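Asker: A single structure is presented below for examination.
Every number in this text was worked out from the coordinates using simple rules, so none of it is lab data. Note that the coordinates shown come from a computational prediction; the quantities given were computed from them, not determined experimentally. Backbone-built Cβ (ideal geometry, glycine too); neighbour counts: all protein chains shown.
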Amino acid sequence: MKLIDSHTHVQLKQFNPDRDEVIKRALEKEIWMVNVGTTRKDSQAAVDLCDAYPEGVFATIGQHPDEREVFDYDWYVKTGKHAKVVAIGECGLDYFRVEPHLFNEERERQIELFEQHIALAIELEKPLMVHCRDAFSDVKSVIKKQIADMPAEVPGILHFFTGTKEDAKTFLDFGFMFTFGGLITFNREFDEILRYIPKERILLETDAPFVAPEPYRGKRNEPSYVIEVARALAGVRKAPFEEVCKQTVQNAKSAFGIK
């Protein structure tokens, strides 16, 4: 394959009209994808896509911190044993929309949910796909307590990284990898961190259908657009495009155990 979109959501309703065409468009360009679950229902949908496409389509299963459904641990254990489920998540902490008067209650709920995902990842020996928004201190604290028991080679992937150098260093010390998406094609605030993180720890993502890269801003994102993220990363790091493609594919295969 030429590229791997390490975090996308083609199972979501935005792709109902043309899902197969979107997937085939990516596969024809030698772009593989990891469809990331955010609820039990769309985690199952992501797994179903793995079964529909023998090559190039993988899944993660988990519950986004904003989602309030009951976390069915036993179902996730059973489903997580599927050979093409390559990580646990999207999980983590998101305090962005939490009302101040509900903060303590919501923080406690999200941390408990996150800890269940970590236990699941440890049991299944699979990496975490971590979402963190306005919550780096707590995410670091929760992971630090469990890191010794997490998969040693790549314990987790920090999705859509927007943290500081200090945050990056902590997660590098944990052994994590980092995904970057469409934002780096038009927002120069990430250039310094993109040069700071070692090339062996960077993955590419689209987060489709959200956050389309240039030149597709304002449109529905899709996995085939990950090539624009690769071009942007090559430009920031002043590295050959083909080298970026090769390195990020190697990184994704290592992170997810993809052969």
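Asker: Over the chain, what portion of Cα pair distances is larger than 25 Å, expressed as a whole percent?
Answerer: Value for the chain (Cα pairs over 25 Å): 39 percent.
Asker: Let me ask something else about it. For a label point 7 Å from the Cα of Arg195 along Cα→C-beta, name the residues of segment 168-187 whose backbone N is under 16 Å from it.
Answerer: Answer for this model: 187.
Asker: What Kirkwood radius, in Å to one decimal, follows from the Cα pairs of segment 200-259?
Answerer: Across segment 200-259, the inverse of the average 1/r is 12.0 Å.
Asker: Normalising by the residue count of segment 103-259, find the relative contact order in percent from Cα pairs under 8 Å and 6+ residues apart.
Answerer: Once divided by the residue count of segment 103-259, the mean separation gives 18 percent.
Asker: In segment 1-53, what is the volume of the convex hull around the alpha carbon atoms, normalised per residue and reported in Å³?
Answerer: Normalising the Cα hull of segment 1-53 by residue number yields 68 Å³.
Asker: Could you work out how far the C-alpha centroid of segment 148-185 sits from that of segment 84-113, in angstrom?
Answerer: Going from one Cα centre to the other spans 17 Å.
Asker: Ignoring everything except DSSP H segments at least 4 long, calculate the 222 nm mean residue ellipticity for the chain; use -39,500 (n - 2.57) per segment, divide by total residues, nearest 500.
Answerer: -13000 deg cm²/dmol
Asker: If you don't mind, another one. Using a 10 Å cut-off on Cβ atoms, rank the peptides 158-168, 213-223, 33-43 from the highest mean neighbour count down.
Answerer: Top of the packing list down: 33-43, 158-168, 213-223.
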